[in-house]
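Novice: I'd like to ask you about the structure that follows.
The values are calculated or read from the model by the stated rules, or taken from the named source; none is laboratory data. Quantities reported herein were computed from a predicted structural model and do not represent experimental measurements. Cβ: placed from backbone, ideal geometry, glycine included. Neighbour counts: every protein chain shown. These accessible areas exclude ligands, DNA and RNA; they are computed on the full protein's heavy atoms, side chains included. Shrake-Rupley method; radii C 1.70, N 1.55, O 1.52, S 1.80 Å.
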Amino acid sequence: MFQVLINEVKAKKPLIHNITNYVTVNDCANILLACGASPIMADEIKEVAEITSLCAGLNLNIGTLNQRTIETMLVAGQQANQLNLPVVLDPVGVGASSLRNQTAQRLLDTLHFTVIKGNISEIKALALKSQTTQGVDAATLDLVTKENLHEVVAFAKKYAQALQTILVITGPIDLVVDANRAFAVYNGHPMMAKITGTGCMLNALITAYLASYPQDYLLATLNAVCLMGLAGELAAKRLQSFEGNASFRTYLIDAVDLMTPEVLAGGIRYEEIE
């Protein structure tokens, strides 16, 4: 089925509206082009509803918050909800400041999200309304391991059911969870944590896959998470001894661009967690 989804994105070329942070906006645009989708970035409140209505999905990211874009996200999200478009939220750094906490809660209270993606500390901060993050990175004690996997899955299923959404919890082990099913994804590489934007790029990628395969949002999300992790592995294999994280960033986007159904099918590593 994953082979089918790669081809669906390339065939449909979904236009994805991104209101994302200015640190990684270029990376989000390039990863969408690499997977076969098309990006548009519009954060002027006078046009966001109109732009959103032209698109197949909406990607929201609170990484670099300001009062103008907060209102813009709400308008775009309401338009997407009215049109039944998939909406993805990346609550970057929630738990680190009162503004981030208040904004994330306001978004959750106002909009319905198809997928919410964050590290475990960010997801716990949302669910428990607590301050548990260290900036935008997960606290070490929060990380998902094989030892606490089932405990985290139970927590994630309960929260996913409460929000009627799909949760993606990123880390050394990635989790894709809805109210009924959970998958652990073992693809990825430590170099992915040494560049800014891999999480933001994943959000954009997920949005493209949701827009291309509305028949099964959970499967589409799982596909995107596996693809991103495998792309990280392939990028790391290309690195020479004299190359570092800047080269890795380029190779990562290349890997998404060059991914084939056969390579994806042969390289993904995931399991369903009961």
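Novice: When the residues of segment 57-66 are narrowed to those that are in contact with a helix residue (DSSP H, G or I) (Cβ under 9 Å, 6 or more places away or on another chain) and open to solvent by 10 Å² or more (accessible area, probe 1.4 Å), which ends up farthest from residue 22 (Cα to Cα)? Please lay out each step first, then the result.
Specialist: So the first thing to find is which residues in segment 57-66 are in contact with a helix residue (DSSP H, G or I) (Cβ under 9 Å, 6 or more places away or on another chain), and the list is 57-63, 65.
Checking which are open to solvent by 10 Å² or more (accessible area, probe 1.4 Å) leaves us with 63, 65.
Working: 63: 8, 65: 10 Å.
This residue is 65.
Novice: So the check is Cβ under 6 Å with 6+ separation or different chains; which pairs have a first residue in segment 92-114 that's part of a loop (DSSP other than H, G, I, E, B) and a second one that's open to solvent by 50 Å² or more (accessible area, probe 1.4 Å) and aliphatic (A, V, I, L, M)?
Specialist: 92/136; 93/136
Novice: Follow-up. How about segment 38-54: which of its residues are open to solvent by less than 30 Å² (accessible area, probe 1.4 Å) and within 12 Å of residue 69 (Cα to Cα)?
Specialist: Those that are open to solvent by less than 30 Å² (accessible area, probe 1.4 Å) and within 12 Å of residue 69 (Cα to Cα): 42, 48.
Novice: Are any residues in segment 177-215 among the basic types (Lys, Arg) and part of a helix (DSSP H, G or I), and if so, which ones?
Specialist: Step one: of segment 177-215, the residues among the basic types (Lys, Arg) are 181, 194.
Result: 194, single match.
Novice: Can you name the residue in segment 2-23 that is in a loop (DSSP other than H, G, I, E, B) and within 21 Å of residue 226 (Cα to Cα) and, of all such residues, is farthest from the chain's Cα centre (by Cα)? Let's see the steps before the verdict.
Specialist: Narrowing segment 2-23 to residues in a loop (DSSP other than H, G, I, E, B): 13-14, 20-23.
Cutting the leftovers down to within 21 Å of residue 226 (Cα to Cα) gives us 13-14.
Numbers: 13: 18, 14: 16 Å.
Among them, the one singled out is 13.
Novice: State all residues of segment 216-273 that are without any contact (Cβ under 8 Å) to a residue 12 or more places away in the chain, open to solvent by 50 Å² or more (accessible area, probe 1.4 Å) and in a loop (DSSP other than H, G, I, E, B); if no residue qualifies, say none.
Specialist: 216, 240, 241, 242
Novice: Continuing with the same structure: How many residues does segment 29-68 contain that are part of a helix (DSSP H, G or I), at pLDDT 95 or above and either among the β-branched types (Val, Ile, Thr) or closer than 24 Å to residue 106 by Cα (or both)? Spell out how you get there, then give the answer.
Specialist: If we filter segment 29-68 for residues that are part of a helix (DSSP H, G or I), which is where we start, we get 29-35, 48-53, 67-68.
Narrowing the set further to residues that are at pLDDT 95 or above leaves 29-35, 48-53.
Among the residues that remain, those that are also either among the β-branched types (Val, Ile, Thr) or closer than 24 Å to residue 106 by Cα (or both) are: 31, 48-53.
Counting residues in segment 29-68 that are part of a helix (DSSP H, G or I), at pLDDT 95 or above and either among the β-branched types (Val, Ile, Thr) or closer than 24 Å to residue 106 by Cα (or both) gives 7.
Novice: Further, regarding this structure: Select from segment 108-152 the residues that are hydrophobic (A, V, I, L, M, F, W, C), surrounded by 21 or more Cβ atoms within 10 Å (Cβ to Cβ) and at pLDDT 90 or above and list them in ascending order.
Specialist: 113, 115, 116, 120, 123, 125, 126, 152
Novice: For residue 24, state whether it is modelled with pLDDT under 95 and buried (at least 23 other Cβ atoms within 10 Å of the Cβ).
Specialist: Values: modelled with pLDDT under 95: yes; buried (at least 23 other Cβ atoms within 10 Å of the Cβ): yes.
Yes.
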